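K.L.:
This is the structure I have questions about; it appears just below.
The values are calculated or read from the model by the stated rules, or taken from the named source; none is laboratory data. Remember, it's a predicted structure, so these values are computed and weren't measured experimentally. Cβ coordinates were reconstructed from backbone atoms using ideal geometry, including for glycine residues, and neighbour counts include every protein chain displayed.
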Number of protein chains: 4
Amino acid sequence: MSERFAEIASRLALTAADLHVRGWLLGTSGNLSAVVGREPLHLAITPSGVDKGELQADQMILIDDRGCVLGDGGAKPSDECPLHIRVVKERGAGAVIHTHSVWSTMLSDLYFEDGGLAIQGYEMLKGLHGVKTHEHREWLPILENSQDMLALADRVADNLRQYPGTHGFLLRRHGLYTWGDELRQAKRHVEILEFLLETLGRTRLISMNSSA
Amino acid sequence: MSERFAEIASRLALTAADLHVRGWLLGTSGNLSAVVGREPLHLAITPSGVDKGELQADQMILIDDRGCVLGDGGAKPSDECPLHIRVVKERGAGAVIHTHSVWSTMLSDLYFEDGGLAIQGYEMLKGLHGVKTHEHREWLPILENSQDMLALADRVADNLRQYPGTHGFLLRRHGLYTWGDELRQAKRHVEILEFLLETLGRTRLISMNSSA
Amino acid sequence: MSERFAEIASRLALTAADLHVRGWLLGTSGNLSAVVGREPLHLAITPSGVDKGELQADQMILIDDRGCVLGDGGAKPSDECPLHIRVVKERGAGAVIHTHSVWSTMLSDLYFEDGGLAIQGYEMLKGLHGVKTHEHREWLPILENSQDMLALADRVADNLRQYPGTHGFLLRRHGLYTWGDELRQAKRHVEILEFLLETLGRTRLISMNSSA
Amino acid sequence: MSERFAEIASRLALTAADLHVRGWLLGTSGNLSAVVGREPLHLAITPSGVDKGELQADQMILIDDRGCVLGDGGAKPSDECPLHIRVVKERGAGAVIHTHSVWSTMLSDLYFEDGGLAIQGYEMLKGLHGVKTHEHREWLPILENSQDMLALADRVADNLRQYPGTHGFLLRRHGLYTWGDELRQAKRHVEILEFLLETLGRTRLISMNSSA
C-alpha cells in the first residue's frame, strides 16, 4: 500500500501543477484526491492551504472514509474532504478533482436559478466517460455554496443520486467538481468541462452580437 | 522506414504537447498524423483517448490507407483516421492536424448556416502555403458533425474537391482540420488558422461596440 | 542576516518569474519586497527597470525604512519603495507584491468614481488571510495614481488606516498592491485578487447579455 | 564582431521563443533584428518562414543596410528587413521587434480611419523609453498594409519623421513594430504596447456595459 500511496501522491502533485498553470487552482484553491484502497476506503488528498504550483508528493495526506488523517504528520487535509469521500462512495470514483476557474465561477452564478446547465451538441462531450456521441445532453447541476461541509456533502450525495448520469457539478460562485475511474480520467473530465464552460460562456457573450 | 517512423513519431509527440499547452487539444481531444510512406500509403497517427500533454513517441500507431493497424501493439488509432486518410489522398498532404479550440468550436456554429466563413485582408494569411498577399480570400468550409466517420470522410472528400484551394475546414461544434506538405507546415497552419479564428471571433464581439 | 537575505532574494526571484509568466509583471512593471529584519526595518526589494522574467536573486536590493540602499552595488530599488515601506509599517506585513494586470488596470478605472469595489459571495475570498466564509465582503479601495511617491505613500497609509480590514488596494489605471505575513501569503493574495478582478470584469461584460 | 554576432543571435532566439509562447509570433509570423555594427550598418535578423518557438541562434542572418545577406548560408532573411533597416536608421534603434498579436491586429483595423490611436493616462506607459509620467500621451500611428516592402518602408520612414516621439506603429490588420536602444528595451516595449492594446481593446468592449 505504501508504494501505491507514493505513486498516487506523485501523480496528484503533477496533475495539480498542470492545472495550476492553466489558472484553475489559483491562490491555493481547489483540491484533488485519489483512492488508495477500497476496503477500508483510503484516500490520498491534497493538503489544505498549499500553493498547487509548488505542491510536492510527500505533502499528500492519507485519510479514511470519515476524513480522519492516517499516520503521523501535522498537515491538515482539504476542508472539502467530505465532498470527495461522498463522490467516491456515490459514484465509485477512483479520483476526484475540484477546480476554481473564472468561467466555472461565472456560469455557476449565471445559471444558478435554473438549477444547472445543459451542455449538448459538442464533440468535446465524447471525452466524458461513457458518452458516445456529440448529441449527448450533459446536465451539470449547480448547488448553493456553503461553509457547512457535512451538510453540503449530504446535498451533493442527494444530487448525485437524483442525477445518476452526471460527470460533475458546480458549486455556486465556487467551482467545479468532477471525477473519474482513476486520476487520468478525472483530469480529462476537468479539461473537457472547463473547455465546455468557457465555450458556453463566450457563446452567450457573442450571441447578442450575432446580427453584426 | 522504421527509423523514419521513429523520427516522425517523435515530432508528432512534440507537436501534440505544444498544441496541448495552448489549450487546443484538451481532454484527449484532437489528433495528428504524418505520412511515413506513399506507396503503399502508411501513416503515423496519434492513439485514441490519450492525454496530448503526456503522449510519447512510442505510442504512435502505424496504419495503412484503410486505417488498419500495422504491426503489433494493442493500441487503437484515432477514430477519425478515415478523415486523415482522405485529406492525405485528396490534397497530397504529408501531415494532418485536427484541433479543438474554444474559438473554432464557437465559430463553426455561428457561421454554420453560411456553409463556411471567409477570411480576407489579414497579413497572417500569408503564412498559409502558397498565399502571397494579405488580400487573399480564404474560404474555410464548415461541415455538419457526425459519428459516422466513413460517411463524414466522404463528405470531407467531396468538400475538398469542391473547394480545391482551401487550407482547412471546420466540423460544426467540433473543431478544425488543417494539413501541410509536412508536419511543420501543418502546425504552422494550425497556429495561423486558430489565430485568425480568434481574431474574427473577437472582432465580431467588439464590432457592436464600435461607436463607443 | 546575510543568509536570510539570500534565501528571501531567491524566493523573490522565483515569485517574480512566476507572476511574469501570467502576464502580471510585463514590461519591467510591478515590484516585490519582503522583510529581512524588523528592528531596524530592512527590506529586500526588486530593482527598478528589470525584466521580471529574467530577474536573478543577486539583483535584489536591501533597503532601510527610509528607502536608502544598504551595502554597495549601483542598482536602484523600485521607485515605489515608499509604498512598500508604508504597507509593511501599517499592516505589519512581511511581504508586499505590486502587479500590473489588464483586468486590475481596467477595473481600477471603471470603479474609480465609487472609491473602490466590493467583492462578496465568492468562495475564492476564503483564500484571503483571516477570511472564513464566502459571505465575506472585501472592499478593495482605488486611489488616484501619482508620480509623487511620497505623497502617494501618505495617501496609501491614510487609506490603510481608514479601512483596517483590507487585503489590497488598486492604483487607478496602474495596478494592484497586496501583501501577506510572508511572501507565500502575499503571492496567494495576488492570485486570489487577480482571479476575482477578472471574474468581476467578465461578469460585468456578460451581465448585459443575460437575457440571451 | 563574430563573437558579438553570436551573442546577439543567441539573445534574438531566446526573445523570439519567449514572445512565441505568448502567442505574439504564431505561424512563423513576426521578425526580430538587432544591430551588430554601425559603420557599416550590420544587422542580425531572424530568417523568413521559421517557427519562432524552434528558432536557434545559428539560424540568424547577418545583413547590410541594403538587406543583402553577408556571408554564406542559403537562408533568406525576413521579407520585412527593409522596414527594420529604416527603423534603425530613422530612430538610431539598436533592435527592432515586429509581433502579430490578436489585439494589435484588431485595433489596427478598428482605429485605422483615425490614422492611429492615442494611449494616455496609464502607468504602464512609463516603461516606454524616456516617458516619465502616466499622463504621457503616446500616439501609435496605423499605416495601411502592403506587400511592396520598399514602398512601405518609405511610408514608415515618412511616418517616423512626422511623429518623432513615437515608440512604435501598427500596420493595418498586420501587427506591431517597436524598437529600443538594444534588444532588452525593444522586448520591454513589445510587452508594454501589447499590454496596453489589450487593455484598450477590452475597455472598449466593456465600456458599452458600464451602466450594468
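K.L.:
All but one of (1) within 14 Å of chain B (Cβ to nearest Cβ); (2) surrounded by fewer than 17 Cβ atoms within 10 Å (Cβ to Cβ) hold for A:K89; which doesn't?
P.N.:
(1)
K.L.:
Only one of B:E191, B:E198 is under 18 Å from D:G49 (Cα atoms) and acidic (D, E); which?
P.N.:
Residue meeting the stated conditions: B:E191.
K.L.:
Could you tell me whether D:T166 is under 15 Å from D:T105 (Cα atoms), more than 14 Å from chain B (Cβ to nearest Cβ) and among the polar types (S, T, N, Q)?
P.N.:
It is false that D:T166 is under 15 Å from D:T105 (Cα atoms), more than 14 Å from chain B (Cβ to nearest Cβ) and among the polar types (S, T, N, Q).
K.L.:
Report the residue count in segment B:1-49 for those that are of a type outside the set (D, E, K, R), surrounded by fewer than 20 Cβ atoms within 10 Å (Cβ to Cβ) and within 14 Å of chain A (Cβ to nearest Cβ).
P.N.:
Number of matching residues: 6.
K.L.:
In segment C:171-212, how many are among the acidic types (D, E) and either crowded, with 24+ Cβ neighbours inside 10 Å or within 12 Å of chain D (Cβ to nearest Cβ) (or both)?
P.N.:
3
K.L.:
Another one. Yes or no: A:S78 under 16 Å from the mean Cα position of the chain (by Cα), closer than 25 Å to A:S33 by Cβ, facing another protein chain (nearest Cβ under 10 Å) and small (G, A, S)?
P.N.:
no
K.L.:
Here is a follow-up. Looking only at segment D:130-153, which residues are in contact with a helix residue (DSSP H, G or I) (Cβ under 8 Å, 6 or more places away or on another chain), away from chain B (no Cβ under 14 Å) and either buried (at least 19 other Cβ atoms within 10 Å of the Cβ) or not basic (K, R) (or both)?
P.N.:
Passing the criteria: D:V131, D:T133, D:H134, D:H136, D:E138, D:L140, D:P141, D:L150, D:A153.
K.L.:
Give me a count of the residues in segment C:24-40 that are on the phi > 0 side of the Ramachandran plot and assigned to a loop (DSSP other than H, G, I, E, B). Spell out the reasoning first.
P.N.:
First, pick out the residues of segment C:24-40 that are on the phi > 0 side of the Ramachandran plot: C:27-28, C:30.
If we keep only those that are assigned to a loop (DSSP other than H, G, I, E, B) too, we end up with C:30.
So the answer is 1.
K.L.:
Within segment C:169-212, how many residues are under 13 Å from the mean Cα position of the chain (by Cα), assigned to a loop (DSSP other than H, G, I, E, B) and without any contact (Cβ under 8 Å) to a residue 60 or more places away in the chain?
P.N.:
0
K.L.:
Further question on the same structure: Might you check whether a residue that is among the polar types (S, T, N, Q) and surrounded by fewer than 23 Cβ atoms within 10 Å (Cβ to Cβ) occurs anywhere in segment D:52-62?
P.N.:
yes
K.L.:
Is it the case that segment D:52-60 has a residue that's within 14 Å of chain B (Cβ to nearest Cβ), under 28 Å from D:V21 (Cα atoms), in contact with a Ser or Thr (Cβ under 9 Å, 6 or more places away or on another chain) and of a type in the set (D, E)?
P.N.:
no
K.L.:
Let me ask another. For segment A:1-28, which residues satisfy the criterion of being within 17 Å of A:S78 (Cα to Cα) and at pLDDT below 95?
P.N.:
A:T28
K.L.:
For segment D:105-122, give me the residue count where each residue is within 14 Å of chain C (Cβ to nearest Cβ) and either touching a residue at least 40 places away in the same chain (Cβ under 8 Å) or crowded, with 21+ Cβ neighbours inside 10 Å (or both).
P.N.:
3
K.L.:
So B:S48 passes all but one of these: (1) touching a Lys or Arg at 6+ places or on another chain (Cβ under 6 Å); (2) modelled with pLDDT of 95 or more. Which condition number does it fail?
P.N.:
Of the numbered conditions (1) touching a Lys or Arg at 6+ places or on another chain (Cβ under 6 Å); (2) modelled with pLDDT of 95 or more, the odd one out for B:S48 is (2).
K.L.:
I'd like to check something: does segment A:1-23 contain any residue that is outside any helix (DSSP H, G or I) and within 25 Å of A:L160 (Cα to Cα)?
P.N.:
Scanning segment A:1-23, I find no residue that is outside any helix (DSSP H, G or I) and within 25 Å of A:L160 (Cα to Cα), so the answer is no.
Here's the yes/no breakdown for (1) hydrophobic (A, V, I, L, M, F, W, C); (2) closer than 24 Å to C:T199 by Cβ:
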residue	(1), (2)
A:L62	yes, no
A:V87	yes, no
A:E90	no, no
A:H100	no, yes
A:M106	yes, yes
A:G115	no, yes
A:Y122	no, yes
